[in-house]
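Structure first, commentary second.
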Number of protein chains: 2
Amino acid sequence: MNIRRMHADDFPAFWPTSQQIIQAQDSYAYDPQLSEEQARALWCELPQETWLAEEDGVVLGSYFIKPNAAGPGSHVCNCGYMVAPAARGKGVAAALCAHSQQRGRELGFLAMQFNAVVASNTVAVALWKKLGFAEVGRVPGAYRHRTLGLVDCLIMHKWLQQPAASATTAPPVQLIARKNIEAVVARKRRKDG
Amino acid sequence: MNIRRMHADDFPAFWPTSQQIIQAQDSYAYDPQLSEEQARALWCELPQETWLAEEDGVVLGSYFIKPNAAGPGSHVCNCGYMVAPAARGKGVAAALCAHSQQRGRELGFLAMQFNAVVASNTVAVALWKKLGFAEVGRVPGAYRHRTLGLVDCLIMHKWLQQPAASATTAPPVQLIARKNIEAVVARKRRKDG
């Protein structure tokens with residue numbers, strides 16, 4: 001398995017996986033009507049970086065990494081992972097998560113936070129716990145599961161490195177969250193009354 | 001006190017409050033270097049709606065309301081509140097929060113979630129609890145407080161209405177989360193290597 005940066009022209013090979021996961025409505029809070037172009041923008045453009053796992057030219061899965069918040073929250077990163085159905089049970093998610101933790105450290109993040117792990121997705125919950133993530137919160141009924149109805153979402157967290165004394169009040173290496181703010185500013189407001 | 005929709009041309013009167021709160025770095029995870037234009041976009045354009053409290057033509061405070069997530073998470077809303085320093089201790093935040101809960105119900109949201117209430121902001125934490133919000137999570141060290149260093153963030157939650165049986169698997173009245181997705185798609189990717 002090789003893990004490398006994912007580029008826009010890699011997305012068509014990943015879209016069947018992405019589409020299936022989004023439309024299943026059992027793990028991601030994405031609009032199930034997302035077009036390929038919208039999904040590509042969400043997965044490959046909004047995040048700070050996107051990485052791809054492949055073997056013999058076949059896409060096994062992907063993850064993104066981005067700051068979970070701006071300014072005084074920019075030392076915590078957030079990631080999302082998707083694994084192709086045919087590649088499940090082979091440790092791809094664990095490999096992607098390990099890679100993302102190392103990448104998070106390299107980018108200067110002190111911790112990683114998942115904001116909405118769907119509680120009924122027991123395979124994911126068990127994997128994140130095995131990889132060192134703690135359940136630090138549970139939001140009742142925050143996910144409208146396609147077949148189970150309203151299910152809880154878990155907030156999960158892991159420290160990636162010991163904060164240096166200087167890091168507790170100074171910004172981390174890169175003020176990357178600025179990127180998302182620019183996205184907002186560049187946006188035209190949609191008239192909604 | 002009158003609470004009405006806030007428009008782009010109301011922002012200059014609110015900017016001194018917004019700027020002071022953002023630069024204090026003790027409650028909001030916004031980049032402290034935000035320009036007025038960036039702050040206006042974040043407060044007035046990205047959210048679904050923005051409301052203003054005023055008295056005798058003076059801005060007392062403001063709040064925004066937006067879906068906290070897309071698709072299967074779009075039945076939960078998220079709000080942010082800011083009160084002018086001179087107007088504190090007069091119940092403005094409580095009035096804005098009560099208004100936002102009613103507005104959330106009208107927009108079809110089933111619950112309201114705060115993702116990062118800075119734990120050292122004890123006045124806010126106590127107010128939200130008094131107004132019926134439950135602490136459903138605590139993320140260690142997720143906020144880089146300007147003077148206290150890394151402090152915890154609380155996740156707080158309140159049900160706004162009883163979910164109808166149909167609401168548990170069908171989308172709520174408005175698929176508003178689509179709006180944010182369009183913002184992403186409209187955005188140009190910044191080259192970051």
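Annotations
- The C-beta contact set for the range B:51-65 (first residue within 10 Å of B:Phe14 (Cβ to Cβ), second residue open to solvent by less than 20 Å² (accessible area, probe 1.4 Å) and among the aromatic types (Phe, Trp, Tyr), distance under 8 angstrom, 6+ apart or interchain) comprises B:Leu52/B:Phe14; B:Val59/B:Phe14; B:Ser62/B:Phe14; B:Ser62/B:Trp43.
- For the range B:40-64, a residue qualifies if it is among the small types (Gly, Ala, Ser) and either at the interface with chain A (Cβ under 9 Å from one of its Cβ atoms) or surrounded by fewer than 18 Cβ atoms within 10 Å (Cβ to Cβ) (or both), and the qualifying residues are B:Ala41, B:Gly57.
- Conditions (1) of a type outside the set (A, V, I, L, M); (2) part of a loop (DSSP other than H, G, I, E, B); (3) open to solvent by less than 20 Å² (accessible area, probe 1.4 Å): number failed by B:Thr147: (3)
A quick yes/no check of all residues on (1) open to solvent by 40 Å² or more (accessible area, probe 1.4 Å); (2) touching a residue at least 60 places away in the same chain (Cβ under 8 Å); (3) part of a strand (DSSP E or B); (4) among the charged types (D, E, K, R):
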position: B:Arg4; (1), (2), (3), (4): yes, no, yes, yes
position: B:Ile21; (1), (2), (3), (4): no, yes, no, no
position: B:Pro72; (1), (2), (3), (4): no, no, no, no
position: B:Arg103; (1), (2), (3), (4): yes, no, no, yes
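- Test: residue in the range A:85-101 that is more than 16 Å from A:Met1 (Cα to Cα) and in a loop (DSSP other than H, G, I, E, B): no
- Matching residues, the range A:30-60, being over 11 Å from the mean Cα position of the chain (by Cα) and within 18 Å of A:Val117 (Cα to Cα): A:Tyr30, A:Asp31, A:Pro32
- Of all residues in the range A:80-98 being open to solvent by less than 10 Å² (accessible area, probe 1.4 Å) and not aliphatic (A, V, I, L, M), the one that is nearest to the other protein chains (Cβ to nearest Cβ): A:Gly80
- Check on B:Ala29, closer than 25 Å to B:Gly89 by Cβ, open to solvent by less than 10 Å² (accessible area, probe 1.4 Å) and either outside any loop (DSSP other than H, G, I, E, B) or not basic (Lys, Arg) (or both): no
The values are calculated or read from the model by the stated rules, or taken from the named source; none is laboratory data. On a predicted model such as this, the values are computed, not experimentally measured, just so you know. Cβ: placed from backbone, ideal geometry, glycine included. Neighbour counts: every protein chain shown. Just so you know, the surface numbers come from the protein's heavy atoms only, side chains and all, with ligands and any DNA or RNA stripped out. Shrake-Rupley method; radii C 1.70, N 1.55, O 1.52, S 1.80 Å.
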